[in-house]
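Beneath this line is the structure, given in structure tokens, with notes to follow.
The values are calculated or read from the model by the stated rules, or taken from the named source; none is laboratory data. In this text the structure is predicted, and so the values were computed from the model without any measurement. Glycine gets a Cβ as well: all are built from the backbone with ideal geometry, and neighbour counts include every protein chain shown. For the accessible areas, the whole protein counts, side chains as well, though only heavy atoms, and no ligand, DNA or RNA atoms are used. Shrake-Rupley method; radii C 1.70, N 1.55, O 1.52, S 1.80 Å.
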Amino acid sequence: MTPFVLIPVKSLHNAKSRLSKILSQRERERIALKLFRGVLDATLRVVEPEKIVIVTDDSEILSLAEQRCTQHYKGTRALGLNAALRAAIPSSAQAVLVLHADLPLLKSDDILSMIQVGERNRVVIAPDRHAVGTNALFLKPPDLIKFSFGEKSFTIHESLAKSAGTRSKVIMRTGLSFDLDTEDDFRDLKQITNF
């Protein structure tokens, strides 16, 4: 069973604000767009376009989603991330995989790994490399726990799974754990790639 993949994307205008001390707004917009394209390309290699939902209110991202024949849901800013993700779940979905759009090292195998582990588990979490945030979350069924992306979301998602009577499976893979949020992330990324 292939889950619906939800990819939330912030407005490019507001992207990567934590990098504002070292990158101009234009550079941050270019990086955010490049990151999104990379995540979308990796996803399209293993998931049918009609099973991908881009969750954003950015017109350029929406246009790109339409060109790639993926679904899209508009309204993240007004609702907030977690509510927008919940609203974007297709009614026919039996499982969902939320995949953040700022994973520069993500490969198709990382996505397949989440899906395959999800076949045997109801909750699969891929935390960031500091084990604080959540970079990918698989749920079966989609409403098993509430989305709680934000501060310390990894611990919160684990706790919610336990409260729902199930144990979460944690996946640590470089492509899933390395996200680009801080200046340290950017410096580390420059050391290992020509990003």
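According to the Cα-based calculation, Rg over Rh for the chain is 0.94, with Rh computed by the Kirkwood formula.
Comparing mean-square fluctuations of Pro104, Pro127, Pro141 from a GNM of the chain with C-alpha springs under 10 Å, the top value falls on Pro141. Centre-to-centre, using Cα atoms only, the range 9-54 and the range 137-173 are separated by 24 Å.
When the helices of the chain are scored as -39500 (n - 2.57) per DSSP H run of n ≥ 4 and the total is divided over every residue, the value at 222 nm lands at -11500 deg cm²/dmol.
Taking θ as phi - 60° and the Karplus parameters 6.51, -1.76 and 1.60, the scalar couplings of the range 3-13 work out to x, 6, 9, 9, 10, x, 9, 5, 4, 4, 4 Hz in sequence order, x denoting glycine and proline.
Antiparallel as a % of all DSSP beta bridges within the chain, to the nearest 5?
Working: 9 of 23 bridges.
In the chain, approximately 40 percent of DSSP beta bridges are antiparallel ones.
If you roll a 1.4 angstrom probe over the protein chains with everything in place, what fraction of the accessible area of the range 38-195 belongs to carbon and sulfur, to the nearest %? Of all accessible area on the range 38-195, carbon and sulfur atoms account for 47 percent. Take the range 101-144 with all the other protein chains still there, run a 1.4 Å probe, and you get 37 Å² of accessible area per residue. From the square roots a ≥ b ≥ c of the eigenvalues of the alpha-carbon gyration tensor of the range 41-106, which class results: rounded (a/c under 1.5), prolate (a/b over b/c), or oblate? Cα axes put the range 41-106 in the rounded bin. Heavy-atom accessible area with a 1.4 Å probe sorts Ser159, Ser91, largest first, into Ser91, Ser159. Charges were assigned to the Cβ only: +1 to each Lys and Arg, -1 to each Asp and Glu. The resulting dipole of the chain about its Cα centre is roughly 260 debye.
Over the chain, with a Gaussian network built from C-alpha contacts below 10 Å, which listed residue (Leu99, Leu12, Leu79) shows the highest mean-square fluctuation? Evaluated over the chain, the most mobile residue of the options is Leu79. By the Cα gyration tensor, the range 1-90 has an equivalent ellipsoid whose semi-axes, rounded to whole angstrom, run 23, 15, 11 from largest to smallest. When the charge dipole of the chain is built from unit charges on Cβ atoms (+1 for Lys and Arg, -1 for Asp and Glu) and taken about the Cα centre, the candidate among Gln67, Met1, Leu106 whose Cα reaches farthest toward its positive end is Met1. When the square roots of the Cα gyration tensor eigenvalues are ordered a ≥ b ≥ c, the ratio a/c for the range 91-170 is 1.5 or more and a/b does not exceed b/c, which makes its shape oblate.
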